[in-house]
1. Could you report the accessible area of Leu51 in Å², rounded to 10, computed with a 1.4 Å probe on the protein chains as they sit in the structure?
2. Suppose every K and R has +1 on its Cβ and every D and E has -1 on its Cβ; what is the size of the dipole of region 197-319 about the Cα centre, in Debye to the nearest 20?
3. I'm spelling it out carefully: the read-out is Rg and Dmax of the Cα atoms in Å, the candidates are [x] 23.0, 88; [y] 18.2, 51; [z] 20.0, 65, and one was derived from this structure. Which label?
4. Can you pull the percent of region 267-319's accessible area that's carbon plus sulfur, 1.4 Å probe, other chains left in place?
5. Among His135, His99, Ile124, which residue has its Cα positioned farthest towards the positive end of the charge dipole of region 81-163, with +1 placed on the Cβ of Lys and Arg, -1 on the Cβ of Asp and Glu, and the dipole taken about the Cα centre?
6. In region 139-159, which residues have a backbone nitrogen under 11 Å from the label point lying 7 Å from Lys205's Cα in the Cα-to-Cβ direction?
7. Run the 1.4 Å probe and let me know the accessible area of Trp44, rounded to the nearest 10 Å².
8. Which residue, chosen from Tyr153, Leu84, Thr61, occupies the Cα position most advanced towards the positive end of the dipole of the chain, where the dipole is computed from +1 (Lys, Arg) and -1 (Asp, Glu) charges on Cβ about the Cα centre?
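The values are calculated or read from the model by the stated rules, or taken from the named source; none is laboratory data. The structure presented is a predicted model; accordingly, all values stated were derived computationally and were not measured. Note that we place each Cβ from the backbone using ideal geometry, even for glycine, and neighbour counts take in every protein chain shown. Please note that ligands, DNA and RNA were not included when accessible areas were found on the heavy atoms of the full protein model with its side chains. Shrake-Rupley method; radii C 1.70, N 1.55, O 1.52, S 1.80 Å.
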Amino acid sequence: MIRLHMNFPLMVLVFGILALALIVFPGFTFAETTSGKDKAMWSWFPNEDILTDEAREEIITFAKDKGVNVIYLNTGDRGEDTYLEMYSEQYQEFIELAHENDIKVFALDGAAKWARKENHRIPIKRMLQVFQYNHHSDVDEQFDGMQFDIEPYLLDEWDTTEEREQLVQEYLKGLKKLNGMATVYGMKYDFEFMIAMPFWFDGSKYETTYEGVTKPLSDHVMDTVDYVALMAYRDFAEGRDSITYHIEHEIQYASENGMKAVIGVETQYLEPYEKVSFYEEGEGYMNEQLEIVDQLYSNESGYAGQAIHKYQSYKNMKP
């Protein structure tokens, strides 16, 4: 590890430049967390968010104002066609604009039913569509990566132990196929693959034997896809049942095994589940709690930043 040492005069100069930037440019923000990690944002409605010049400018301006430097942008289903197939030119224009503003864009897609073996062909096809889109786009119009949000616990099979065990096996095998494709593609192109995962996959109830190894389901997922967005949906940073309480194992596991984990939080209205969202408390309180999390894990190699779900509710939060 390279360690940088600054003498006192240099430190004064650096902080003086930062202070000047804040004075001269009142809207100046860091396009990442204060510890230098990514700050991401999910966007699920490209038909609203990127179809017009005005909409594209609005989401990019919002992202810059909030210090967001990664956007997970839905490319998936709307009827028989995908958003990406329907609006490829708009995606190109949006990604080019994002890159001009130092914002990365990941393709976002997913469905619970894709966990089943019989449906693995669908996410495989979706990933190939993103590869094909990149192939036919200029470098500055290409996706920087892809995130799948596949939630097997939303299926009926999850409710019975025997069926859940089979479903989990199929889910993990599906992730392995996708990660293999992304790995091969990433050998030639600068492209990252990640998966969204709930914080509670590390619970003893979901301990899983996969490929002859028994461990928490969260570990198996991270062994398969080494870049995850943890859906750590709680509205306070510390204490029992908090964000850090629930993701401590995953951050440690990522750090010990050369993996990356982004900590995701929720902003949409989810009554009666107030504790899973910052909707009630507002943006100021959310930022305070996320700063606590950021400082707590800033020196953990497995901590890759934070993500806000989602643009539509984030932009309408109370202060």
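1. Rounded to the nearest 10, the figure is 50 Å².
2. Working: 9 positive and 22 negative charges, 59 e Å.
For region 197-319, the charge dipole is close to 280 debye.
3. [z]
4. Numbers: 1300 of 2600 Å².
With neighbouring chains kept in place, the figure for region 267-319 is 50 percent.
5. Checked the options; the winner is Ile124.
6. The answer is 159, whose backbone nitrogens lie closer than 11 Å to the label point.
7. 50 Å²
8. Farthest towards the positive pole: Tyr153.
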